[in-house]
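The values are calculated or read from the model by the stated rules, or taken from the named source; none is laboratory data. Everything numeric here is computed off the predicted structure, so don't read it as measured data. For neighbour counting, all protein chains shown are included, and Cβ atoms are generated from backbone atoms with ideal geometry for every residue, glycine included. Surface areas here come from the heavy atoms of the whole protein model, side chains and all, with no ligands, DNA or RNA. Shrake-Rupley method; radii C 1.70, N 1.55, O 1.52, S 1.80 Å.
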Protein chains: 2
Amino acid sequence: MKEKMLASVEAGGTKFVCAIGDEKKNIVKTIQFPTEDPESTIKNLLDFLHPYKNKLEAISVASFGPIDIKLDSDTYGYITSTPKRHWENIDLIGPLSDAFSCPIFFTTDVNASAYGEMQARDKDNLVYYTIGTGIGGGVIINRKLLSGIGHLELGHNYLAKHPEDVNFSGVCPYHGACLEGLASGPSIEKRLGTKGENVSSDHPIWDIQAYYIAQATIQATLSYRPEVIVLGGGVMGQEHMLMRIKKHFECLLNGYVQIPKIDEYLVTPYYDNNMSATYGNFSLAQSLISEQ
Amino acid sequence: MKEKMLASVEAGGTKFVCAIGDEKKNIVKTIQFPTEDPESTIKNLLDFLHPYKNKLEAISVASFGPIDIKLDSDTYGYITSTPKRHWENIDLIGPLSDAFSCPIFFTTDVNASAYGEMQARDKDNLVYYTIGTGIGGGVIINRKLLSGIGHLELGHNYLAKHPEDVNFSGVCPYHGACLEGLASGPSIEKRLGTKGENVSSDHPIWDIQAYYIAQATIQATLSYRPEVIVLGGGVMGQEHMLMRIKKHFECLLNGYVQIPKIDEYLVTPYYDNNMSATYGNFSLAQSLISEQ
């Protein structure tokens, strides 16, 4: 009997993380390579997948964005208006479809992470945020990814300013002081002239960041009423952050709606090293097979 | 053959608007009465419905809130933590279930309006806001009402302050300067000492209100990616408001994601006098019958 394999492609702005899994979602092979120019990066991806060509049952690609996920669009499968140099209007799925005959799922990186966390935690309604170089979110409602005429862009909502941060104009090239403009990794560097990893854990900047991230979790609470909100990404690697965010969250919500216990409600990822996206991809790939 | 009838109950904080419709959703009888103490108000409701007792196939109740819509909850059908006096922890659906044997749907007032607007406009993904004494929103995704562990509370998200409004602390008893605290009707009265209907249309307050409402439509855009956002409620009765909101919306979005043409995207209700909620209720009631 033919071995059945699934492929996960996590196309990040910094690196691609790819994995081959068997039908039980055990990882049999992985690779990471930097996100360089589109041509050589996509060639690396095809080279990695090629040996599994006849075994792959489905591929799921989770990409940085914005991306075009509308199945009936002329630019379906493209990375569209990204600020990442050379990657604007790049067809990511086309070269895969040309090389592989199996079905291919295409979604945002945060959607795949949200899906993986949903599976791991067995929740029906979940929100996943990544807070790092950029900020984005994926939402699961009734065990399905939420989207409308395009994918969500939770990193670009506007927020109330922290009283000690009123003069900071933010770093988002589109919106200045939106969530990504105020709370992403680069916002710390812009304010302090050094990266977050070099800033001591008792610096007041962390409380300002936590205030903004807490507002994002308030938005998620009121806009989706999820069972759990998962906070991932580099900024959350600072272990004191989660506690700070919980404190601001409780002040800001002020008991207005019922939520689960805070320690079960605001959490960091189940999987280390963003394996949520890989396992999410495997599940999304598998869902394509069961649809057939 | 027995006549088949549907009932719509719009339980507002100021008045109840009730209607009986035939199976083609033609309105055959309506009544309005003020929202007084729960006992006499619910008695008025039961008295209105009683003559149709043997004809009613389904009832849909759309209520001010917060309300408990969790079917497995001990307080399902209750108005819960409302700031409205005497209405906290009031069982609204229980007395109806006791008196009528037909199925009863229970949702928020804005959800029923969203549902009615969806039907009228034939859209799959739609957001409806009411901006009046309070602010709330209902969301339709794939022609279904969106909820998680409870109904949405879009009126209580935090916002960036308008530069000419930084010292205003807002009127929300829970959150101060949230959307409802900054842009509801009472926020105008708190700032100016008179109701909005007495304020001239060129007063700078309208542009401040529009800035906040535009931020709400940005949140809806990024959080749901709908096909259309409908803005109803008393504040939107000011005809110049929609134009102001569109102007701020376009500045704030800054082309980040694709939306339909702005004049088809940000709109006022299809129906006058909030008939969206009545027709939405009829459709929601009908959906209970087809489920059986």
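Remarks
- Over all other residues within a Cβ to Cβ distance under 11 Å of B:THR35, the charged ones net out to 0, with Lys and Arg as +1 and Asp and Glu as -1.
- Label point 7 Å beyond Cα along the C-beta direction, distances from B:GLN32 to other copies (nm, shortest first): 6.4
- Alpha carbon centroid spacing (whole Å) that separates segment A:62-81 from segment B:85-129: 36 Å
- Taking all protein chains together and a 1.4 Å probe, the residues B:ARG85, A:ARG244 rank B:ARG85, A:ARG244 from largest to smallest accessible area.
- Of every Cα-Cα pair in chain A, the percent that sits beyond 28 Å: 37 percent
- Between segment B:1-39 and segment B:133-196, the alpha-carbon center distance in angstrom: 28 Å
- For B:GLY234, net neighbour charge (Lys/Arg +1, Asp/Glu -1) across residues whose Cβ lies under 14 Å away: -4
- Looking at the protein assembly as shown, the DSSP beta bridges with both ends there are about 60 percent antiparallel.
- The interface between chain A and chain B buries about 3300 Å² of solvent-accessible area in total (1.4 Å probe, ligands and nucleic acids excluded).
- Subtracting the Cα-Cα distance of B:ILE31 and B:TYR265 from 0.36 nm times their residue separation leaves 80.9 nm of extension gain.
- Volume of the Cα convex hull of segment A:156-242, divided per residue and given in Å³: 94 Å³
- Sorted largest first, extent of the protein assembly as shown alpha carbons per principal axis (Å): 74, 61, 43
- Between B:GLN238 and B:ASP72, full extension at 0.36 nm per residue minus the direct alpha carbon distance yields a gain of 55.6 nm.
- With a simple spin-label model that places each label point 7 Å from the Cα along the Cα-to-Cβ direction, the separation between B:LYS24 and A:GLU164 comes to 6.8 nm.
- Computed over chain A with a Gaussian network model linking Cα atoms closer than 10 Å, the most mobile of A:GLY138, A:GLY176, A:GLY233 is A:GLY176.
- Sequence-distant contacts, meaning Cα pairs under 8 Å at least 6 residues apart, place the relative contact order of chain A at 20 percent.
- The same position A:HIS240 in the other copies lies at 5.0 nm from this copy, comparing label points 7 Å beyond Cα toward the beta-carbon, shortest first.
- The calculated FRET efficiency for A:ASP47 paired with A:THR133, based on their beta-carbon distance and R0 = 22 Å, is about 0.25.
- For A:ILE104, the solvent-accessible surface with a 1.4 Å probe is about 30 Å², rounded to the nearest 10.
- The reciprocal of the average 1/r between distinct C-alpha atoms defines the Kirkwood hydrodynamic radius, which for segment A:22-63 equals 11.8 Å.
- Of A:SER276, A:SER184, A:SER73, the one that fluctuates the most in a GNM where chain A has Cα springs shorter than 10 Å: A:SER73
- Fraction of antiparallel bridges per DSSP, segment B:119-219 only, in percent to nearest 5: 100 percent
- For the axis carrying chain A to chain B: nearest C-beta residue of A, whole Å: A:SER223, 3
- Exceeding the 29 Å Cα-Cα cut-off - candidates B:LYS123/B:LYS247; A:LYS55/A:LYS84; A:LYS190/B:LYS190: A:LYS55/A:LYS84; A:LYS190/B:LYS190
- Span from the segment A:197-230 Cα centroid across to the segment B:229-263 one, whole angstrom: 28 Å
- Rounded to the nearest 500, the 222 nm mean residue ellipticity of the protein assembly as shown from helices alone is -10500 deg cm²/dmol, with -39,500 (n - 2.57) taken per DSSP H run of at least 4 residues.
- Taken per residue, the accessible surface of segment B:120-175 reaches 38 Å², heavy atoms only and a 1.4 Å probe.
- Distances between copies at A:GLN258, taken between label points 7 Å from Cα along the C-beta direction, are 4.3 nm in increasing order.
- Accessible area expressed per residue, segment B:200-292, with surrounding protein chains retained (probe 1.4 Å, Å²): 41 Å²
- Of the solvent-accessible surface of segment A:65-213, computed with a 1.4 Å probe and all protein chains present, 45% belongs to carbon and sulfur.
- Cβ-based net charge around B:VAL61, under 13 Å, with every Lys or Arg adding one and every Asp or Glu removing one: -4
- The accessible-area ordering, largest first, of the residues B:ARG225, A:ARG143 stands as A:ARG143, B:ARG225, per a 1.4 angstrom probe.
- Beta bridge orientation in segment A:6-73: antiparallel %, DSSP, nearest 5: 70 percent
- Once the convex hull of all Cα atoms in segment A:94-195 is built, its volume per residue stands at 167 Å³.
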